[in-house]
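What follows is one structure encoded as structure tokens, with my remarks underneath.
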């Protein structure tokens, strides 16, 4: 296996919602029941009345054809469906959910799904305001708020809203810089949704949400951004360390001033330091009395004064 093929096969595969039919046929069982039960009853009555003779077969066949035409108009709409009725080509109204009746030959019905639908926005190649190429894909979530307008006002509302969302994404991102594109994703999504909603509300549709999934940029730009981010983190680390050293120096100066004002504080600090060394063979501690050090200091100061007096 080649390296190129291995790298391609290692990439994760995106899964998108598969398109489904707009109508689930729930009326077949109802139509079959309404057709065969009366046929069996009427056929049995005619056979009992006339016997299996031509006078019984002809009325049964006529009733069979007429009843089949009548029963063919029975439809069942699911809870999330609305039936758009066209009578002789004119909009007649909406029906559903539940059992509805469509006049055969005269009426045409189209069932519309009113649930929230998801559409994939394929990768769009855009150029940002600062002339940076990028590829962006996303997902569109919408629903049909008015089934009548969705059928009458637009030929294919799913295809239309998908194309309009793609165009709006390119328009909005084209007016932004790369930094805005990377840092203000929520605002961009809301802006694209508002642009699409303003147009499609005339089609009987409503945008629930638009989400940007991936933003891909050239590899050389990614490396430059990585170096910039690394330099920024190093700068913050240096500033933080310098700030810590400054605070430590201020605190040490304050501690030294406090110890200077209290002679016993220095002795306590010395004892704490000795105690912190611990009992270890590698540590050798030689205790030097502090009083002796002070006495030597005073003797030294006295000798210096005496020497200065002799020189005068």
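Key figures for this structure:
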| read-out | value |
| --- | --- |
| Distant alpha-carbon pairs in region 117-221 (separation over 19 angstrom), percent | 41 |
| Size-normalised alpha-carbon gyration radius of region 17-112, reference 2.2 N^0.38 Å | 1.40 |
| Burial ordering of 298, 185, fewest other beta-carbon atoms within 10 Å first | 298, 185 |
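Every number here is computed from the coordinates shown, using simple stated rules; none is lab data. This one's a predicted model, so the numbers in the text were calculated from it and none came from an experiment. Neighbour counts run over all protein chains shown; Cβ positions are idealised from the backbone, glycine included.
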